[in-house]
1. Considering each of 163, 204 in turn, give the residue that is outside any helix (DSSP H, G or I) and either without any contact (Cβ under 8 Å) to a residue 60 or more places away in the chain or more than 15 Å from the chain's Cα centre (by Cα) (or both).
2. Are there any pairs with C-beta distances below 8 angstrom linking a residue in segment 113-125 that is touching a residue at least 24 places away in the same chain (Cβ under 8 Å) to a residue that is polar (S, T, N, Q) and part of a helix (DSSP H, G or I), with the two at least 6 apart or on different chains, and if so which?
3. Out of the residues in segment 159-209 meeting the condition of being modelled with pLDDT under 90, surrounded by 14 or more Cβ atoms within 10 Å (Cβ to Cβ) and of a type in the set (A, V, I, L, M), tell me which one is nearest to residue 10 (Cα to Cα).
4. Anything in segment 47-101 that is among the basic types (Lys, Arg), in a loop (DSSP other than H, G, I, E, B) and either under 20 Å from residue 128 (Cβ atoms) or in contact (Cβ under 8 Å) with a residue 60 or more places away in the chain (or both)? List them, or say none.
5. Inside segment 99-141, can you point out the residues that are within 19 Å of the chain's Cα centre (by Cα) and of a type in the set (Asp, Glu)?
6. Would you point out the residue of segment 235-249, among those that are in contact with a strand residue (DSSP E or B) (Cβ under 8 Å, 6 or more places away or on another chain) and either loosely packed, with under 13 Cβ neighbours inside 10 Å or of a type in the set (Phe, Trp, Tyr) (or both), that is nearest to residue 200 (Cα to Cα)?
7. Please give the number of the condition residue 105 fails out of (1) assigned to a loop (DSSP other than H, G, I, E, B); (2) among the basic types (Lys, Arg); (3) loosely packed, with under 15 Cβ neighbours inside 10 Å.
8. For segment 18-54, give me each residue that is among the small types (Gly, Ala, Ser), surrounded by fewer than 18 Cβ atoms within 10 Å (Cβ to Cβ) and either in contact with a Phe, Trp or Tyr (Cβ under 8 Å, 6 or more places away or on another chain) or farther than 24 Å from residue 184 by Cα (or both).
Amino acid sequence: MPRIALITGAGTGVGKAAALALAKEDYSLVLTGRRKEPLEEVAAAAQASGAKTLVIPADVGDPAQVKALFAKTKEAFGRLDLLFNNAGMGAPAVPMDQLPVEQWKAVVDVNLTGSFLCAQEAMRLMKEQTPQGGRIINNGSISAHAPRPNSVAYTATKHAITGLTKCIALDGRPFDIACGQIDIGNALTPLAARMTQGVPQADGSVRAEPVMDVESVGRTIVYMATLPPDANALFVTVMATKMPFVGRG
């Protein structure tokens, strides 16, 4: 029986890489994000690998849209084996005392509340399906461990994702629902291309940083997703080998 995966933020970057990697592992895919056109492009590429796909545009920060997303998933496939909570956004890189509260709330709505809402609906579905259980993977980011300058909203939500991951892993245990977190550093996506041009560092300098192929993230997602039910990769960090994260400076 084909496994069913739902990926948020699936139209570009890490979400796209995860979708295409899972398609090669015979997953059927539910692809969601705010923009329909990129989702349809990913769906076409996944179908070339033989995967069944369902495109459902949605805003994960909207509870009603999230409920509809999972209801349509259940209607189409009858179950859910994997949720990849990947949708996320940042705020302008400004000193925290200058960040408008509206920007703060927008980031919290997508990165944190959106992940909670999707996990909540996934757990409900995974509890009631037969066989019971499934797996949830949250995109934590290196920012779940250490901030970049002027990134308070993004960093705070990613730190919170770590707590969400632990709670899902604990509360899902009686129902065979595993939860892990992937923390990604400098995967080369359109949003991360600026890393190669130079980004602010903690010491006040601006330096270019090494990046890695985003396909390495897809392979890591496949590893986490295909572990047997009695094993869970609770936290996995995959990063550009030479990026300035480990150490001081």
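The values are calculated or read from the model by the stated rules, or taken from the named source; none is laboratory data. Every value quoted in this text rests on a predicted model; they were computed, and no experiment measured them. Cβ sites come from the backbone with ideal geometry, for glycine too, and all protein chains shown count toward neighbours.
1. On the way: 163 fails: outside any helix (DSSP H, G or I).
Result: 204 is the single residue among 163, 204 that is outside any helix (DSSP H, G or I) and either without any contact (Cβ under 8 Å) to a residue 60 or more places away in the chain or more than 15 Å from the chain's Cα centre (by Cα) (or both).
2. That search, which allows pairs on different chains as well, returns 125/73.
3. Ranking the candidates gives 191 first.
4. Initial filter on segment 47-101 (among the basic types (Lys, Arg)): 52, 67, 72, 74, 79.
Next, from what is left, pick out any that are in a loop (DSSP other than H, G, I, E, B): 52, 79.
Once the filter is applied, which keeps residues that are among the basic types (Lys, Arg), in a loop (DSSP other than H, G, I, E, B) and either under 20 Å from residue 128 (Cβ atoms) or in contact (Cβ under 8 Å) with a residue 60 or more places away in the chain (or both), segment 47-101 yields only 79.
5. Once the filter is applied, which keeps residues that are within 19 Å of the chain's Cα centre (by Cα) and of a type in the set (Asp, Glu), segment 99-141 yields 109, 121.
6. Filtering segment 235-249 down to residues in contact with a strand residue (DSSP E or B) (Cβ under 8 Å, 6 or more places away or on another chain) leaves 235-241, 243-245.
Going one step further and asking which of them are either loosely packed, with under 13 Cβ neighbours inside 10 Å or of a type in the set (Phe, Trp, Tyr) (or both), we end up with 235, 241, 245.
Numbers: 235: 27, 241: 19, 245: 13 Å.
The residue in question is 245.
7. (1)
8. Quick first cut of segment 18-54, residues among the small types (Gly, Ala, Ser) only: 18-19, 21, 23, 28, 33, 43-46, 48-51.
Next cut, surrounded by fewer than 18 Cβ atoms within 10 Å (Cβ to Cβ) only: 44-45, 48-50.
Passing the criteria: 44, 48, 49, 50.
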